[in-house]
1. Show the residues, 5+ positions off or on another chain, whose built amide H is closer than 5 Å to the amide H of residue 95.
2. By how many degrees, between 0 and 90 and to the nearest 10, does the Cα long axis of helix 115-132 differ from the longest principal axis of the chain?
3. How many angstrom separate the Cα center of the stretch 103-149 from the Cα center of the stretch 1-55?
4. Could you do me a favour and compute the accessible area per residue for the stretch 1-112, 1.4 Å probe, result in Å²?
5. Using only Cα atoms, find the angle between the long axis of helix 100-111 and the longest principal axis of the chain, and express it within 0 to 90 degrees, rounded to the nearest 10.
6. Using a 1.4 Å probe over the heavy atoms of the protein chains, calculate the carbon and sulfur portion of the accessible area of the chain as a whole percent.
7. Counting helices only, and only those DSSP H runs with n ≥ 4, report the 222 nm mean residue ellipticity of the chain as the sum of -39,500 (n - 2.57) divided by its residues, in deg cm²/dmol to the nearest 500.
8. Using Cα pairs under 8 angstrom and six or more residues apart, how large is the relative contact order of the chain, in percent?
Amino acid sequence: VYLYVCGPIEDNEAFLEEYHDELYEARNVHVEGYLNVQSKRFEELTRQCGYVLNPSASGVILPGALITCMHRGVIPITAIPPGIDSAPVNWGILLDDTEVSIIREAVLEASRRPPEVCREMSRDACREAKENYTKETFARDLRTALRSILDEA
């Protein structure tokens, strides 16, 4: 099992200090830093990785980077913000909590899944993204929200 750490972590000194050994001393962890989702490297990683881990519960249901990975068939393992329905889904693994032990168990469980289950989840992640997370669905949802706000004014 390999972990590729993507994102602008070099800007977070506390994170780098806290996890220095895990990030730079472990043979199976590779720090990529920020990746443009249109880059060749991003394409390579999404072709070879089965899962994308996003344990942040920042209040955004599914962040853009996660959705982009789902469009490429990468299965999300992600925390869900409080107040969002956490019903089981077949397109990813939703974490009820961001404690390290819970994230660790979810990753270990994911690594034990048979290839046929992963292929099905990958197809479902891609389908979910294409049906519910596109520029068109965003524009439609934004129009609906704006109409609702204007109607109440």
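The values are calculated or read from the model by the stated rules, or taken from the named source; none is laboratory data. What you are looking at is a predicted structure, and each value in this text was computed from that prediction instead of being measured. Neighbour counts are summed over all protein chains in view; Cβ atoms, including those assigned to glycine, are modelled from backbone coordinates with ideal geometry. In case anyone asks, the SASA skips ligands and DNA or RNA and just uses the protein heavy atoms, side chains included. Shrake-Rupley method; radii C 1.70, N 1.55, O 1.52, S 1.80 Å.
1. Amide H neighbours of residue 95, under 5 Å, 5+ apart: 78, 79, 80.
2. 30
3. 21
4. 64
5. That works out to roughly 90 degrees.
6. Answer for the chain: carbon and sulfur cover 53 percent of the accessible area.
7. Result for the chain, helices only: -15000 deg cm²/dmol.
8. Values: 175 pairs, mean separation 27.1, N = 153.
RCO, the chain: 18 percent.
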